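The values are calculated or read from the model by the stated rules, or taken from the named source; none is laboratory data. Because the structure is predicted, anything quoted here is derived from the model rather than measured. Glycine gets a Cβ as well: all are built from the backbone with ideal geometry, and neighbour counts include every protein chain shown.
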Amino acid sequence: MNVYFPVSGVNVNILLPPVVAFVISFFTSMGGVSGAFLILPFQVSFLNYTSPGVSGTNFIYNIVSIPGGVYRYFKEGRMFYPLAIVLTIGTLPGVFIGYFIRVRYLYNPAFFKAFVGVVLLYIGSRLLFDLVRSKRVKFAKDFKFKILSSNIFKSYFEFQEKKYSFSNFWVFLLSFFVGIVGGAYGIGGGSIIAPFCVAVFKLPVYIVAGPALLATWVTSILGVFYYAINPLGTSGSEPDIFLGLLFGLGGVAGTYLGARCQKHVPSEIIKIILSVSIFFLAVKYIFDFVLKVLFTP
């Protein structure tokens, strides 16, 4: 049964958005990614929803779908608070800047999509390189971490008998710029933060997943607020709440089950899923840009 959504102008079978969201979020949530970075191109390419409001609609998907996964990480004691706090504080100010850029300068987002595609291509390459280079280790069942120390400058922790550390400043700086990208496209930032923390900061994917999802959820609340009130008064910036809720309902089940299954899936598998997803999005953005350059008079 097709339903027409007057805000976005989308006409689609009412079951398609939740089904697509369920499949996507199940796999991506295991790597700390909400799935919004793949829901967005689905809306743009298949539903032909291209106005700035699609970013706000994607944020609604995040708000509805992410809590199930975050709950699992809290319940199982796998939410690494020092990283979650830095990621959240860092992304919050970037969201408004991202909204401003999107509705003022990127009403037609082709050039910015190309830039994001190049960045994601680099991150995906780093993930694959790290996967190929690393030695295969025995899959462990103990996912508990121990915080050794954490202050304003640096955090230290132990996970699976190995010690790790990261600079809070550099993670904060990364989160700020990711917040700008996430604010512009409605992806929240988890799709960029999670693989970057794994590939560049060398943090375990099991530690990154929960904090990345939590930061994405908090920033999505602020992001949908900006798009809903539309302070710049740009036409077509209002999110389609009903469509976003449909995507979110499918995402709730997918994210919850993905977070629950994550500890039973080897780290290598999660990295492969992240890499393939990122490459898919990067190639699409770059390909769209090339087509626009070649065929636009």
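What is the one condition in (1) more than 22 Å from Ala215 (Cβ to Cβ); (2) in a helix (DSSP H, G or I); (3) modelled with pLDDT of 90 or more that Ala114 does not satisfy?
Unmet for Ala114, out of (1) more than 22 Å from Ala215 (Cβ to Cβ); (2) in a helix (DSSP H, G or I); (3) modelled with pLDDT of 90 or more: (3).
Residue by residue through segment 255-280, note down the ones that are over 23 Å from Gly124 (Cα atoms) and either buried (at least 24 other Cβ atoms within 10 Å of the Cβ) or among the aromatic types (Phe, Trp, Tyr) (or both).
If the condition is that a residue be over 23 Å from Gly124 (Cα atoms) and either buried (at least 24 other Cβ atoms within 10 Å of the Cβ) or among the aromatic types (Phe, Trp, Tyr) (or both), then Tyr256 is the only one that fits.
Can you find a residue in segment 210-220 that is within 14 Å of the chain's Cα centre (by Cα), among the hydrophobic types (A, V, I, L, M, F, W, C), buried (at least 24 other Cβ atoms within 10 Å of the Cβ) and modelled with pLDDT under 80?
Our first condition is that a residue be within 14 Å of the chain's Cα centre (by Cα); within segment 210-220, this holds for 210-220.
Of the ones still in play, those that are also among the hydrophobic types (A, V, I, L, M, F, W, C) are 212-215, 217-218.
Then keep just the ones that are buried (at least 24 other Cβ atoms within 10 Å of the Cβ); that gives 212-215.
Still in the list and also modelled with pLDDT under 80: none.
No - not one qualifying residue is present in segment 210-220.
In segment 41-83, how many are at positive phi and outside any loop (DSSP other than H, G, I, E, B)?
Of the residues in segment 41-83, the ones at positive phi are 48, 77.
Those left that are additionally outside any loop (DSSP other than H, G, I, E, B): none.
Qualifying residue count, segment 41-83: 0.
Kindly evaluate Phe46 against the criterion of being in contact with a helix residue (DSSP H, G or I) (Cβ under 7 Å, 6 or more places away or on another chain) and under 21 Å from Ser277 (Cα atoms).
Numbers: in contact with a helix residue (DSSP H, G or I) (Cβ under 7 Å, 6 or more places away or on another chain): no; under 21 Å from Ser277 (Cα atoms): yes.
Taking the combined requirement at face value, the residue does not satisfy it.
Considering each of Tyr206, Tyr164, Tyr185 in turn, give the residue that is aromatic (Phe, Trp, Tyr), in contact with a Leu (Cβ under 9 Å, 6 or more places away or on another chain), surrounded by 15 or more Cβ atoms within 10 Å (Cβ to Cβ) and modelled with pLDDT under 90.
Working: Tyr206 fails: in contact with a Leu (Cβ under 9 Å, 6 or more places away or on another chain); Tyr164 fails: modelled with pLDDT under 90.
Exactly one residue qualifies, and that residue is Tyr185.
Of the residues Leu245, Leu281, Leu203, only one is over 27 Å from Phe80 (Cβ atoms) and either in a helix (DSSP H, G or I) or not basic (Lys, Arg) (or both); which? Spell out how you get there, then give the answer.
Working: Leu281 fails: over 27 Å from Phe80 (Cβ atoms); Leu203 fails: over 27 Å from Phe80 (Cβ atoms).
Testing whether each residue is over 27 Å from Phe80 (Cβ atoms) and either in a helix (DSSP H, G or I) or not basic (Lys, Arg) (or both) leaves just Leu245.
Would you say Ile278 is aliphatic (A, V, I, L, M), within 25 Å of Phe115 (Cα to Cα) and modelled with pLDDT under 85? Even if it seems obvious, please write down each step before you answer.
Values: aliphatic (A, V, I, L, M): yes; within 25 Å of Phe115 (Cα to Cα): yes; modelled with pLDDT under 85: yes.
It is true that Ile278 is aliphatic (A, V, I, L, M), within 25 Å of Phe115 (Cα to Cα) and modelled with pLDDT under 85.
Restricting attention to segment 258-268, and to residues there that are over 17 Å from the mean Cα position of the chain (by Cα) and of a type in the set (A, V, I, L, M, F, W, C), which single residue is modelled with the highest pLDDT? Reasoning before the result, please.
Here is the first cut: in segment 258-268, the ones over 17 Å from the mean Cα position of the chain (by Cα) are 260-261, 263-268.
Within this subset, residues satisfying the condition of being of a type in the set (A, V, I, L, M, F, W, C) are 261, 265.
On the way: Cys261: 80, Val265: 74.
My answer is Cys261.
Kindly list, by first and then second residue, each pair from a residue in segment 111-123 that is over 7 Å from Ile286 (Cα atoms) to a residue that is buried (at least 18 other Cβ atoms within 10 Å of the Cβ) and among the polar types (S, T, N, Q), limited to pairs with Cβ atoms under 8 Å and residues at least 6 apart or on different chains.
These pairs meet every condition: Leu120/Ser191.
Can you pull out every residue in segment 5-25 that is touching a residue at least 40 places away in the same chain (Cβ under 8 Å) and either buried (at least 22 other Cβ atoms within 10 Å of the Cβ) or among the β-branched types (Val, Ile, Thr) (or both)? If you could, list the steps in order and put the result at the bottom.
Pass one, segment 5-25, residues touching a residue at least 40 places away in the same chain (Cβ under 8 Å): 5, 7-10, 14, 17-25.
Selection gives Val7, Ser8, Val10, Ile14, Pro17, Val19, Val20, Ala21, Val23, Ile24, Ser25.
Would you be able to say whether some residue in segment 42-57 is under 15 Å from the mean Cα position of the chain (by Cα), within 28 Å of Phe289 (Cα to Cα) and surrounded by fewer than 23 Cβ atoms within 10 Å (Cβ to Cβ)?
Yes, segment 42-57 contains a residue that is under 15 Å from the mean Cα position of the chain (by Cα), within 28 Å of Phe289 (Cα to Cα) and surrounded by fewer than 23 Cβ atoms within 10 Å (Cβ to Cβ).
Out of the residues in segment 188-203 that are aliphatic (A, V, I, L, M) and over 28 Å from Phe100 (Cα atoms), which is modelled with the highest pLDDT? Talk me through it step by step, then tell me what you get.
Just the residues of segment 188-203 that are aliphatic (A, V, I, L, M), to begin with: 192-194, 198-200, 203.
Those still in the list that are over 28 Å from Phe100 (Cα atoms) too: 198-200, 203.
Working: Val198: 80, Ala199: 75, Val200: 80, Leu203: 88.
Looking at the filtered set, the residue picked out is Leu203.
Would you mind finding the one in Ser29, Ser8 that is in contact with a helix residue (DSSP H, G or I) (Cβ under 6 Å, 6 or more places away or on another chain), outside any loop (DSSP other than H, G, I, E, B) and of a type outside the set (D, E, K, R)? I'd like the intermediate steps shown before the answer.
On the way: Ser8 fails: outside any loop (DSSP other than H, G, I, E, B).
Matching residue, one of Ser29, Ser8: Ser29.
Can you say whether Ala253 is closer than 24 Å to Ile60 by Cα, small (Gly, Ala, Ser) and in contact with an Asp or Glu (Cβ under 9 Å, 6 or more places away or on another chain), as far as the supplied structure shows?
So Ala253 does not fit the description; no.
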